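Asks: One structure is given below, represented as structure tokens, and several questions about it will come after.
Nothing in this text is a laboratory measurement; each read-out follows from the coordinates by a stated rule. Fair warning: this is a prediction, and the values are worked out from it, not measured in the lab. With ideal geometry, Cβ positions are generated from the backbone for all residues, glycine too; neighbour counts draw on all protein chains shown.
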Amino acid sequence: MKVKVLTEFIDRYTGELRKYGEILEVSKERFKEIQDAGAFVEEVEEQKKAKKDKK
């Protein structure tokens, strides 16, 4: 799942600074873990690409 960073934080597993507005790919378990620590990220709705009809 994709999430958007709302508040900068240091990722405890990678040691990287996650900046405001950054989009991350995380598992549902990791999302819950980050949410439990505070309001650092929000889920991003993934838009499915529409297939163009070939004629």
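Asks: Compute the distance from the alpha-carbon center of the range 26-46 to that of the range 4-23, in whole Å.
Replies: So the separation of the two Cα centres works out to 11 Å.
Asks: Return the distance in nm (one decimal) between the two label points of a simple spin-label model at GLN35 and LYS2, each offset 7 Å from Cα along Cα→Cβ.
Replies: Distance between label points: 1.9 nm.
Asks: Now, a different point. So, in the chain, how many Lys pairs have Cα atoms under 24 Å apart, if the pair is 8 or more places apart or on different chains?
Replies: Lysine pairs, 8 or more places apart or on different chains, close enough: 16.
Asks: Right, another one. What is the chain by shape, rounded, prolate or oblate, if you read a ≥ b ≥ c off the alpha carbon gyration tensor as root eigenvalues and call it rounded for a/c under 1.5, prolate for a/b larger than b/c, and oblate otherwise? Walk me through the numbers before you get to the answer.
Replies: Numbers: a/c = 2.89, a/b = 2.50, b/c = 1.16.
Here the chain falls in the prolate category.
Asks: Which order do the peptides 13-20, 30-37 take when ranked by the mean count of other beta-carbon atoms within 10 Å per residue, highest first?
Replies: 30-37, 13-20
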